[in-house]
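To start, the structure itself, in structure tokens.
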Amino acid sequence: MQHAKHFYIDGNWVDPIVPALLDVIDPSTEEAYVQISVGSAADVDRAVAAAKAAFPSFARTSRKERLDLLRAILAEYNKRRNDVGDAISREMGAPLEFARTIQAGRGTAHLERMISVLETYPFETVEGTTLIAREPIGVCGLITPWNWPTNQIACKVLPALAAGCTMVLKPSEEAPIDALVWTEIMHAAGTPKGVYNMVQGAGSVVGEAMSSHPDIDMMSFTGSTRAGIRVAQAAAVTVKRVAQELGGKSANVLLPDVDFQMAVTKGINSMMVNSGQSCTAPSRMFVPQDRHDEVKRIAKAAAEKFVVGNPQDPTTRLGPVVNESQFNKIQGLIQKGIEEGAELVTGGPGRPENLNRGYYVRPTVFAGVTNDMTIAREEIFGPVICILPYKDEEEVIRLANDTIYGLAAYVQGTDLEHARKVAAQMRAGNVHVNYPMGDTAAPFGGYKQSGNGREYGKWGLEEFLETKAVIGYKAA
């Protein structure tokens, strides 16, 4: 962490213009383990100026030059992958093996996918007598979250590079250390000066300055819906493009013909991974009324198998949540569920019995939940799942879609054709049928207040491109 107190601007590690430090807290101990510098609007100005100066030449680079850069980043990333995982585990509490294999593994997956996309993407086509050219949008501001930090850095930085854009990254101040490792990788790979810049800091200061900056042409933001609204409002003054991936409250519909032992267990496992801190988490499990008691028993057994503890312990399956504020929010919502009459199946308020320090939350299952309860409406962002009984298919489709969010939905059923028909009626950007493997080529993004725009693969690349029509390019 030799660069913890530096920013990366114009190819150099630099001090902030106005010195200011922030403790980075280890959520497993509640203690600071390093300090980072946090920036100001003046630091943003300096970074944007570097990106703006670098844009004309980088925008004209060839496909081969950008492919060579991405391949160099991939080679350097794979050398440092465990370092990325170690940083994620420490800064946001993910179990170490999960952080190294899954969290850090996403960086490799996105790099390989973007290289594949860039190899063949048609930046120019001729339609009739008109040339359709897809060109880099310009200087991009990238704001990334703490829950899947490297994944979100990768799926913003890489398509921006592939498009020929230059950029300023503001990682989450809650999880800033993996971004330092990523930046060291970018430097070691030979990224041209000014193309990639990184400024740490608070969203209310650095993020606000980026969103409203007249020389930033696009903002790409991942985080809460509340913060996304602020980004969009600030960006509106300069009419820049805004791509957002925001909150979620995903329905998991278990159809009557499914294997309930398998479907409920996998649903619990999917919910609890990353301590429930995933915007796509299947947090509302809809089950037929006549299977409700059976589902409770299966869910209880599955949730109680999760070992909560120190992220460095190889037996741990569930680490702490990221910070005190998040811990308190989750505790308040668990208590709210009890007060509003949901049945507490397992878990509940407070830390697990063997832990008296750290932001650890008990894996919690509520049953008998109705869709008007607070725990069914608000994004909890912790290891808490709601089981909601339904009487028929018409009702479950209506209830599943009865949310302000629309990032993901899940449908489980033995009759695949039937499951597909239900999936077609889900108002969500991603619908997962029968717990499939992830797909980095699939467009990722949401409906409604879950955001706009798409990430991953060619869909992510196209967010960073403008479309130009050269009419009369070809003689009639």
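Name, by its number, the condition in (1) surrounded by fewer than 19 Cβ atoms within 10 Å (Cβ to Cβ); (2) under 30 Å from Pro349 (Cβ atoms) that does not hold for Arg398.
With respect to (1) surrounded by fewer than 19 Cβ atoms within 10 Å (Cβ to Cβ); (2) under 30 Å from Pro349 (Cβ atoms), Arg398 is out only on (2).
Of everything in the stretch 432-451, what is in contact (Cβ under 8 Å) with a residue 40 or more places away in the chain, surrounded by 15 or more Cβ atoms within 10 Å (Cβ to Cβ) and within 28 Å of Leu131 (Cβ to Cβ)? Give them in sequence order.
Selection gives nothing.
Residues checked against (1) among the hydrophobic types (A, V, I, L, M, F, W, C); (2) within 17 Å of Val157 (Cα to Cα); (3) free of Cβ contacts under 8 Å to residues at least 24 places away in the same chain:
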site	(1), (2), (3)
Ala59	yes, yes, no
Leu70	yes, yes, no
Arg90	no, no, no
Gly93	no, no, no
Thr101	no, no, yes
Ala104	yes, yes, no
Ala109	yes, yes, no
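Here is a list: Arg230, Arg241, Arg226. Which entry is closer than 22 Å to Asn401 by Cα, of a type in the set (D, E, K, R) and not assigned by TED's automatic domain parsing to the domain that holds Ala302?
Exactly one residue qualifies, and that residue is Arg226.
How many residues does the stretch 432-476 contain that are assigned to a strand (DSSP E or B), closer than 27 Å to Ser116 by Cβ and within 18 Å of the chain's Cα centre (by Cα)?
5
From the residues in the stretch 228-248 that are of a type outside the set (S, T, N, Q) and surrounded by fewer than 19 Cβ atoms within 10 Å (Cβ to Cβ), which one is nearest to Cys279 (Cα to Cα)? Talk me through it step by step, then tell me what you get.
Within the stretch 228-248, the subset of a type outside the set (S, T, N, Q) is 228-232, 234-237, 239-243, 245-248.
With surrounded by fewer than 19 Cβ atoms within 10 Å (Cβ to Cβ) added as a condition, the list becomes 229-230, 232, 236-237, 239, 241.
On the way: Ile229: 16, Arg230: 19, Ala232: 19, Ala236: 25, Val237: 28, Val239: 27, Arg241: 22 Å.
The residue in question is Ile229.
Which condition does Phe327 not pass, out of (1) out of contact with any Lys or Arg (no Cβ under 6 Å at 6 or more places or on another chain); (2) in a loop (DSSP other than H, G, I, E, B); (3) more than 19 Å from Lys249 (Cβ to Cβ), if it passes all the others?
It is condition (2) that Phe327 fails.
For the stretch 245-259, which residues satisfy the criterion of being out of contact with any helix residue (DSSP H, G or I) (no Cβ under 6 Å at 6 or more places or on another chain) and over 27 Å from Pro145 (Cβ atoms)?
Correct list: Leu255, Pro256, Asp257, Val258, Asp259.
Do the conditions hold for Asp23, that is, is it modelled with pLDDT of 95 or more, part of a helix (DSSP H, G or I), surrounded by fewer than 21 Cβ atoms within 10 Å (Cβ to Cβ) and not aliphatic (A, V, I, L, M)? Break it down into steps so the answer makes sense when it comes.
Details: modelled with pLDDT of 95 or more: yes; part of a helix (DSSP H, G or I): no; surrounded by fewer than 21 Cβ atoms within 10 Å (Cβ to Cβ): yes; not aliphatic (A, V, I, L, M): yes.
No; evaluated as a whole, the condition is false for this residue.
Can you tell me which condition Ala179 does not meet? The list is (1) free of Cβ contacts under 8 Å to residues at least 40 places away in the same chain; (2) surrounded by fewer than 23 Cβ atoms within 10 Å (Cβ to Cβ); (3) touching a Leu at 6+ places or on another chain (Cβ under 8 Å), and all the others hold.
(2)
Would you mind stating whether Pro320 is under 25 Å from the mean Cα position of the chain (by Cα) and at pLDDT 95 or above?
For Pro320, the condition - under 25 Å from the mean Cα position of the chain (by Cα) and at pLDDT 95 or above - is met.
Looking only at the stretch 26-51, which residues are surrounded by fewer than 17 Cβ atoms within 10 Å (Cβ to Cβ), touching a strand residue (DSSP E or B) at 6+ places or on another chain (Cβ under 6 Å) and touching a residue at least 12 places away in the same chain (Cβ under 8 Å)?
Across the stretch 26-51, the qualifying residues are Tyr33, Gln35.
Report the residue count in the stretch 349-373 for those that are within 20 Å of Ser275 (Cβ to Cβ) and buried (at least 18 other Cβ atoms within 10 Å of the Cβ).
Residues in the stretch 349-373 being within 20 Å of Ser275 (Cβ to Cβ) and buried (at least 18 other Cβ atoms within 10 Å of the Cβ): 9 in total.
The values are calculated or read from the model by the stated rules, or taken from the named source; none is laboratory data. All values derive from a computational prediction rather than experimental measurement. Every residue, glycine among them, receives a Cβ derived from its backbone with ideal geometry; neighbour counts consider all protein chains shown.
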